[in-house]
Protein chains: 2
Amino acid sequence: MNFCSQCGHKVSLRIPAGDNRERHVCDHCGSIHYQNPRIVAGCLPVHGHQVLLCKRAIEPRYGLWTLPAGFMENGESTEEAALRETLEEARAEVVLRKLYTVSSILHVNQVQMIYLADLPEAHFGSSEETLETRLFSEDEIPWDELAFPTIRNALRFFFADRAETSPSFPLRHLALSPGHEELLLES
Amino acid sequence: MNFCSQCGHKVSLRIPAGDNRERHVCDHCGSIHYQNPRIVAGCLPVHGHQVLLCKRAIEPRYGLWTLPAGFMENGESTEEAALRETLEEARAEVVLRKLYTVSSILHVNQVQMIYLADLPEAHFGSSEETLETRLFSEDEIPWDELAFPTIRNALRFFFADRAETSPSFPLRHLALSPGHEELLLES
């Protein structure tokens, strides 16, 4: 950030009065420009014994497999964001079952929220963001071609939880930093 | 937003190629300025049979009671944000027990995440943001002087859950819009 989005003058990085962190502050109009983490919302769609993954058609991680997820928009709920992203990226209509993973990804200032979801019909497709969408059984998961550690986490949790005698799919709550991208804080 | 924070030129509101929503776009350098919901993280601190509330020393809702909570910062986890806000606003050191409420507040573009927390010692205080901090038993809660519907929701859930024979304090998951600020989506 170089310029004030309110008045167009130069901003400088300093600690405003009453604050304890450096912010981009406009010396002309006084606006303080806060920067905060963004939410990525998405789904882990389940159809029978299979899960739905998308092959990314965009950077980063072009060509690798991921769960349908993307940035939450203003004016929507986390649930609406997860449903929208699943429809946009995988062309799939799912029914949300529960909030399943919440991961703070410290080095990119994101909080990722993945919902466990049911995919009632095997209807899905590709999109501008997705080269290919397909269902995978557990032994078909391309573990070495997954786009993000958070996706690997979610899938590992899912298959482990599903193997329980009475699966409850508890909320998985993580804080991830470089080199510690699979750290479990609360299960 | 009037000016590009990258180059300082005027921005216009339009739908970028490949997108389906209006964004602030710079016609000079091409930067697209996304605006996304922010996370508010905080705690419901429990000490014995009492809970800790803070009387706000800042607008909005100056003088009304709230739980310690505030905007999550870049570079921290949701847990760290909840602990930091509780220390800053209530001067209280708590131990997080579990993520308890997740509320999308549509009209202000916020997602509020409140943790159930234990306050081992009755040590707390006021701050720049808090006129007074004190412990309340259930029959002392100032229901008509609470700052936000989300705070009322969290306290109502807590006392209802605590009254169960075997309290499990399940995650409470809400989407709130004007006139529907206490709508339960998932319990």
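The values are calculated or read from the model by the stated rules, or taken from the named source; none is laboratory data. Just so it is clear, the model here is predicted, and its values are computed rather than measured. Backbone-built Cβ (ideal geometry, glycine too); neighbour counts: all protein chains shown.
Structure values in brief
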| item | result |
| --- | --- |
| Residue A:138 within 27 Å of residue A:160 (Cα to Cα) and either crowded, with 21+ Cβ neighbours inside 10 Å or in contact with a Pro (Cβ under 8 Å, 6 or more places away or on another chain) (or both) | no |
| Only one of B:128, B:121 that is surrounded by fewer than 23 Cβ atoms within 10 Å (Cβ to Cβ), closer than 20 Å to residue A:19 by Cα and touching a residue at least 12 places away in the same chain (Cβ under 8 Å) | B:128 |
| Where a residue in segment A:57-72 is within 14 Å of chain B (Cβ to nearest Cβ) and of a type in the set (Gly, Ala, Ser) and its partner, wherever it lies, is in a loop (DSSP other than H, G, I, E, B) and buried (at least 17 other Cβ atoms within 10 Å of the Cβ), with Cβ under 6 Å and at least six apart | A:57/A:129 |
| Residue among A:54, A:29 that is under 17 Å from the mean Cα position of the chain (by Cα) and either facing another protein chain (nearest Cβ under 9 Å) or not acidic (Asp, Glu) (or both) | A:54 |
| Any hit, segment A:47-63, residues being assigned by TED's automatic domain parsing to the domain that holds residue A:116, of a type outside the set (D, E, K, R) and in contact with a His (Cβ under 9 Å, 6 or more places away or on another chain) | no |
| Members of segment B:38-71 found to be out of contact with any Ser or Thr (no Cβ under 9 Å at 6 or more places or on another chain), in a strand (DSSP E or B) and among the basic types (Lys, Arg), listed by number | B:38 |
| Boolean, residue B:25 is farther than 27 Å from residue A:77 by Cα and either modelled with pLDDT under 95 or buried (at least 16 other Cβ atoms within 10 Å of the Cβ) (or both) | no |
| Selection status of residue A:153, without any contact (Cβ under 8 Å) to a residue 60 or more places away in the chain and either buried (at least 16 other Cβ atoms within 10 Å of the Cβ) or assigned by TED's automatic domain parsing to the domain that holds residue A:172 (or both) | yes |
| Test: residue in segment B:5-19 that is in a strand (DSSP E or B), touching a Phe, Trp or Tyr at 6+ places or on another chain (Cβ under 9 Å), facing chain A (nearest Cβ under 10 Å) and surrounded by 14 or more Cβ atoms within 10 Å (Cβ to Cβ) | yes |
| Filter result (crowded, with 18+ Cβ neighbours inside 10 Å and more than 14 Å from every other protein chain (Cβ to nearest Cβ)) within segment B:73-98 | B:86, B:90, B:92, B:94 |
